[in-house]
Structure formats: structure tokens, C-alpha cells
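Participant: The structure's right below; bear with me while I get my questions together.
The values are calculated or read from the model by the stated rules, or taken from the named source; none is laboratory data. What you see is a predicted model, and the numbers here were worked out from it, not measured in a lab. Methodologically, a virtual Cβ is constructed for each residue, glycine included, from the backbone with ideal geometry; neighbour enumeration extends over all protein chains shown. Side chains are part of the model used for accessible areas, which takes the heavy atoms of the whole protein and leaves out ligands, DNA and RNA. Shrake-Rupley method; radii C 1.70, N 1.55, O 1.52, S 1.80 Å.
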Amino acid sequence: VPDDLLLGLKFIFGPCAVPALDLVDQRSVTRVTSPSGRTAYQVLGSSGKLYTCYSSCHYCTCPAFGFTVLQKSESLLCKHILAVYLSRAIGACQELTVSEEQLTNILLADEEDEG
């Protein structure tokens, strides 16, 4: 990434820009699609945990999103969502097609982790 674009990303998105680019470099973003066309993104975080992101509603299941974005309004997004947007923009997403049941299980597993 050219220095001027990197500076722009850091200016707009703050401290999550560089870690998000690291996730993109590591090809940590997977687009999960079901036959009906439902889509979610899974991002393997730097901690080794898998987070589910929904670009359509700008949401991530990570604790940082819940705290810094939703509770404190200190940031626009977390590094996982930014990594999804950047990966989509440059065509760097892994692709995974799953059954409707598998996608439902992915989504329900995230709800159980939060609840």
C-alpha cells in the first residue's frame, strides 16, 4: 500500500487501520455464502479467534466492536470490519459456500457466544 493511502486510512480509521491491513495480508477474511445468497464474513483475528462480520449492517461479533463502537462511540468500526471492506475492495476474500443449515449454525453459534 502506498504511503499516502496508508496515511489516509490511518487518518480516517485510526489505530485499527494497520491491524486491518495485516489481516488482509494474512488472507484472514472469508466470505461465507449459502445457496439462497445469504452472506456473512468470517475473520480470523490476530488472537486466533474467528469473528463473524456483517457488512450489510456494519456489525462484528468481537468484543472491541461492542465496547469501542457500540458502548463508547470512540470508533467507527473494528479492525475486522475494516479488513472485510478492504478485502472486498481488492478481491482478497477467501470464498466458502456452505449449506443453509451450516450458515444458520454459524450465526447461532455467535449468538450463543454473546449471550
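Participant: Looking only at residues in the range 83-103 that are part of a helix (DSSP H, G or I), surrounded by 11 or more Cβ atoms within 10 Å (Cβ to Cβ) and of a type outside the set (S, T, Y), which one is farthest from the chain's Cα centre (by Cα)?
Facilitator: First pass over the range 83-103, keeping only residues part of a helix (DSSP H, G or I): 83-90, 100-103.
Pick out the ones that are also surrounded by 11 or more Cβ atoms within 10 Å (Cβ to Cβ) and you get 83-88, 100, 102-103.
Then drop every residue that is not of a type outside the set (S, T, Y), which leaves 83-84, 86, 88, 100, 102-103.
On the way: A83: 6, V84: 5, L86: 10, R88: 10, E100: 21, Q102: 19, L103: 16 Å.
For the range 83-103, the residue satisfying everything is E100.
Rundown of residues vs (1) within 21 Å of P2 (Cα to Cα); (2) touching a residue at least 24 places away in the same chain (Cβ under 8 Å); (3) not β-branched (V, I, T), yes/no style:
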position: A20; (1), (2), (3): yes, yes, yes
position: P35; (1), (2), (3): no, yes, yes
position: G48; (1), (2), (3): no, no, yes
position: T61; (1), (2), (3): no, yes, no
position: F65; (1), (2), (3): no, no, yes
position: S87; (1), (2), (3): yes, yes, yes
position: L96; (1), (2), (3): no, yes, yes
position: S99; (1), (2), (3): no, yes, yes
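Participant: Which residues, taken from the range 71-82, are modelled with pLDDT of 95 or more and either β-branched (V, I, T) or surrounded by fewer than 13 Cβ atoms within 10 Å (Cβ to Cβ) (or both)?
Facilitator: Once the filter is applied, which keeps residues that are modelled with pLDDT of 95 or more and either β-branched (V, I, T) or surrounded by fewer than 13 Cβ atoms within 10 Å (Cβ to Cβ) (or both), the range 71-82 yields only I81.
Participant: Continuing with this model, one more query. State yes or no: is S99 at pLDDT 95 or above and in contact with an Asp or Glu (Cβ under 6 Å, 6 or more places away or on another chain)?
Facilitator: Values: at pLDDT 95 or above: yes; in contact with an Asp or Glu (Cβ under 6 Å, 6 or more places away or on another chain): no.
Taking the combined requirement at face value, the residue does not satisfy it.
Participant: Next question. I'm trying to understand the selection: among the residues of the range 14-59, which are open to solvent by less than 50 Å² (accessible area, probe 1.4 Å), farther than 24 Å from S99 by Cα and over 11 Å from the mean Cα position of the chain (by Cα)?
Facilitator: Result: G14, C16, A17, P19, L21.
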